[in-house]
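One structure below.
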Amino acid sequence: MSILVIAEHDNEELKPSTLNVVTAAKEFGEAIDILVMGENCQKVSKQAASIQNINKVYCMSDAQLKNHLAEPLTAGTMQIVKGDSYKYIMSPASTFGKNLLPRISALLDVQQISDVTEVVSASSFKRPVYGGQAIATVESNDDVKVITVRVTAFDAAEAEGGQAQVTEVAFNPTEDFGSTFVRLEVAQSERPELTGAARVVSGGRALGSKENFKMIEDLADKLGAAIGASRAAVDAGYVPNDYQVGQTGKVVAPELYIAVGISGAIQHLAGMKDSKTIVAINKDEDAPIFQIADYGLVGDLFDILPELTEKL
Amino acid sequence: MKIFVPIKRVIDYNVKVRIKPDNSGIEQTNVKMSINPFDEIAVEEAVRLKESGKATEIVVVTIGPEKAQEVLRTAMAMGADRGILVTTEEAIDLGAIEPLMIAKCLKSLIEQEKPDLVIMGKQAIDDDSNQTGQMLSALLGWPQATFASEIVTEGDSTTVTREIDGGLETLKVKMPAILTTDLRLNEPRYASLPNIMKAKKKPLDVKALDDFDLNTTPRLKLISVDEPPKREAGEKVENVDALIDKLKNEAKVI
């Protein structure tokens, strides 16, 4: 009777999102196990074992798990789940967790609870719906609760000091998965990762071009911030897709969010309105972004951005 | 190649939704309804595959009230060949018909229709679950490629570029397979008036969800639907100096 957290990692490092899921898991007050699946993921398993208050860590290392394809990860998880009686199976509501957990939920014949922002009780949860326009409280009557966690809604658990035991488990799939990995194009960046960053500077279509977006980068670098963008800026090709903040992109909740040239469509607000301090810079004083901003500055971003970057 | 496209009728993405006064759900009456934007992208992709000579037939299916046939007609006006409406009077957004039930119903239809490819939206913009495609893939034992921004079919496999948190990932899946669409896969067309007229004559099968051998008791009881915490508008500052002063001395974030 315990909790299984499926770790998100890149075979080298445990992703911080796993720490937020552990904090959410702690609310149930039961033993927490972590499952690390990948190839040569012993180092990651050790990192998972040093998170405080972890019962045990399963390390499943196999070439077929290297690229984290959903089908082999499902088989690996089912292998562990069948041997134990987990009441909760949890993962971050990142593209990793979203891709994997519904499969496990379907095979266990339970209804997954997506994007949980609050644990109300052992069986009831809050989650945003309609792009954050409403919050639904739901009570699950399934024996096993499969949950993806909105990482910005929970603090990171203490990553050091734990001494959980690591158990190596062999991966024994019985089926042919039908999917193969071709390639991964990862945007290389020295900047902090968007979803976990303490500061985010986001740009919208008003930047006008990929070249002008450099001004957002300059401000972000001055602040040590991550860079985000509205859907319009991504669609216009100013920045890659993984910069998108919003209902269908990434959800962020940094200490400081600076929205530059973003009008504030509902879909964008859904991804950032839980930020602690919001600054909006826009030339349209009636832009909806000002209705949720703590500090608004009306004016031409092409004047304001260089001045702000210089004076900080 | 036969393509199966499950779609959903949802409140239009431009509508600001209203919570029912008794907090039992979202007001659905007298509200503009549309095809879920991600599903519209799925229909468009299927139509493009047919236009390029790779697909031979496109079947669209929706589960919902009688009126949900509107979205099937829209999809047929875009180029789908026929539609299947599975009717239910239960709510399809929150509290009644859930992704797991939908996936089971779709599985049963797919076993009858035997498509080579299923293309569907990655999530519906009402319950924002992002589950049905992945569940369907697991239940059928077919490979999945979710959050697609590019789809290239060749022979008996499909190469899909996926939008993931770190960047772009490319996978090759053997057909039959389940693909779910992301925003940048394509830009859906507007149906022309002649095509809208033609779509009215395309075949549409009506079935009842009750006739499927499913347990439709919800697993998630909807306790309440509430307003999100309200964020008050702050203040407008005069200039950059005033902004920096506020951030340093009031918000203390820099």
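The values are calculated or read from the model by the stated rules, or taken from the named source; none is laboratory data. In this text the structure is predicted, and so the values were computed from the model without any measurement. Cβ placement follows ideal geometry from the backbone for every residue including glycine, while neighbour counts extend to all protein chains displayed.
Which members of region A:36-49 meet the condition of being among the hydrophobic types (A, V, I, L, M, F, W, C) and surrounded by 24 or more Cβ atoms within 10 Å (Cβ to Cβ)? A:Val36, A:Met37, A:Cys41, A:Val44, A:Ala48 - these are the residues of region A:36-49 that are among the hydrophobic types (A, V, I, L, M, F, W, C) and surrounded by 24 or more Cβ atoms within 10 Å (Cβ to Cβ). Here are some conditions: (1) more than 7 Å from every other protein chain (Cβ to nearest Cβ); (2) at pLDDT below 95; (3) over 17 Å from B:Ile3 (Cβ atoms). B:Gly166 meets all but one. Which one does it not meet? B:Gly166 satisfies all of (1) more than 7 Å from every other protein chain (Cβ to nearest Cβ); (2) at pLDDT below 95; (3) over 17 Å from B:Ile3 (Cβ atoms) except (1). Restricting the first member to region A:244-267 and to residues that are within 17 Å of B:Glu163 (Cβ to Cβ), and the second to residues that are hydrophobic (A, V, I, L, M, F, W, C) and not in a loop (DSSP other than H, G, I, E, B), the beta-carbon pairs closer than 7 Å and six or more apart or on different chains are A:Gln244/A:Ala229; A:Gln244/A:Val234; A:Val245/A:Ala229; A:Thr248/B:Leu183; A:Lys250/A:Leu194; A:Val252/A:Leu194; A:Val252/A:Val200; A:Val252/A:Val245. Condition (residue is more than 11 Å from every other protein chain (Cβ to nearest Cβ), in contact (Cβ under 8 Å) with a residue 12 or more places away in the chain and not in a loop (DSSP other than H, G, I, E, B)) applied to region A:128-137: is it met by at least one residue? Scanning region A:128-137, I find no residue that is more than 11 Å from every other protein chain (Cβ to nearest Cβ), in contact (Cβ under 8 Å) with a residue 12 or more places away in the chain and not in a loop (DSSP other than H, G, I, E, B), so the answer is no.
Residues in region B:203-246 that are at the interface with another protein chain (Cβ under 7 Å from one of its Cβ atoms) and aliphatic (A, V, I, L, M): B:Leu220, B:Leu222, B:Ile223, B:Val225, B:Ala233, B:Val237, B:Val240, B:Leu243, B:Ile244.
Among the residues of region A:178-227, the ones that are more than 13 Å from every other protein chain (Cβ to nearest Cβ) and part of a strand (DSSP E or B) come to 3 in all. Count of region B:1-17 residues, restricted to those that are surrounded by fewer than 22 Cβ atoms within 10 Å (Cβ to Cβ), outside any strand (DSSP E or B) and charged (D, E, K, R), is 2. Looking only at region A:87-127, residues that are in contact with a helix residue (DSSP H, G or I) (Cβ under 9 Å, 6 or more places away or on another chain) and more than 20 Å from A:Ser17 (Cβ to Cβ) come to 6 in all.
Across region A:82-118, the qualifying residues are those that are touching a Ser or Thr at 6+ places or on another chain (Cβ under 6 Å), in a loop (DSSP other than H, G, I, E, B) and facing another protein chain (nearest Cβ under 7 Å), and the one among them that is surrounded by the fewest Cβ atoms within 10 Å (Cβ to Cβ) is A:Ser94.
Restricting A:Ala156, A:Ala170 to those that are more than 14 Å from every other protein chain (Cβ to nearest Cβ), in contact with a Pro (Cβ under 9 Å, 6 or more places away or on another chain), outside any strand (DSSP E or B) and aliphatic (A, V, I, L, M) reduces the list to A:Ala156. Just one of (1) more than 8 Å from chain A (Cβ to nearest Cβ); (2) at pLDDT 95 or above fails for B:Ala138. It is (1). The set of residues in region A:261-277 being in a loop (DSSP other than H, G, I, E, B) and more than 26 Å from A:Lys214 (Cβ to Cβ) consists of A:Ala270, A:Lys273, A:Asp274, A:Lys276. Tallying residues that are touching a residue at least 12 places away in the same chain (Cβ under 8 Å), in contact with a Ser or Thr (Cβ under 9 Å, 6 or more places away or on another chain) and basic (Lys, Arg) within region A:149-201 yields 1. Please go through region B:179-193 and give me each residue that is within 14 Å of chain A (Cβ to nearest Cβ) and touching a residue at least 40 places away in the same chain (Cβ under 8 Å), ordered by number. Result: B:Leu179, B:Thr180, B:Thr181, B:Asp182, B:Leu183, B:Leu185, B:Asn186, B:Glu187, B:Pro188. Looking across region B:209-230 at every residue that is touching a strand residue (DSSP E or B) at 6+ places or on another chain (Cβ under 8 Å) and assigned to a loop (DSSP other than H, G, I, E, B), the one that is nearest to A:Ile292 (Cα to Cα) is identified as B:Pro228. Considering only residues in region A:245-260 that are modelled with pLDDT of 95 or more and outside any loop (DSSP other than H, G, I, E, B), the one that is nearest to the chain's Cα centre (by Cα) turns out to be A:Val245.
Exactly one residue out of A:Asp303, A:Asp274, A:Asp286 is out of contact with any strand residue (DSSP E or B) (no Cβ under 8 Å at 6 or more places or on another chain) and more than 10 Å from chain B (Cβ to nearest Cβ), and it is A:Asp286. Being surrounded by fewer than 23 Cβ atoms within 10 Å (Cβ to Cβ), small (Gly, Ala, Ser) and modelled with pLDDT of 95 or more holds for only one residue in A:Ala24, A:Ala31, and it is A:Ala31.
Residue by residue through region B:18-39, note down the ones that are closer than 22 Å to B:Tyr190 by Cα, surrounded by fewer than 22 Cβ atoms within 10 Å (Cβ to Cβ) and among the charged types (D, E, K, R). Selection gives B:Lys32 alone. B:Ser149 meets the stated requirement of being touching a Lys or Arg at 6+ places or on another chain (Cβ under 6 Å), facing chain A (nearest Cβ under 8 Å) and surrounded by fewer than 21 Cβ atoms within 10 Å (Cβ to Cβ). No other residue among A:Ser263, A:Ser230 is more than 20 Å from B:Lys246 (Cβ to Cβ), surrounded by 23 or more Cβ atoms within 10 Å (Cβ to Cβ) and away from every other protein chain (no Cβ under 11 Å) apart from A:Ser230.
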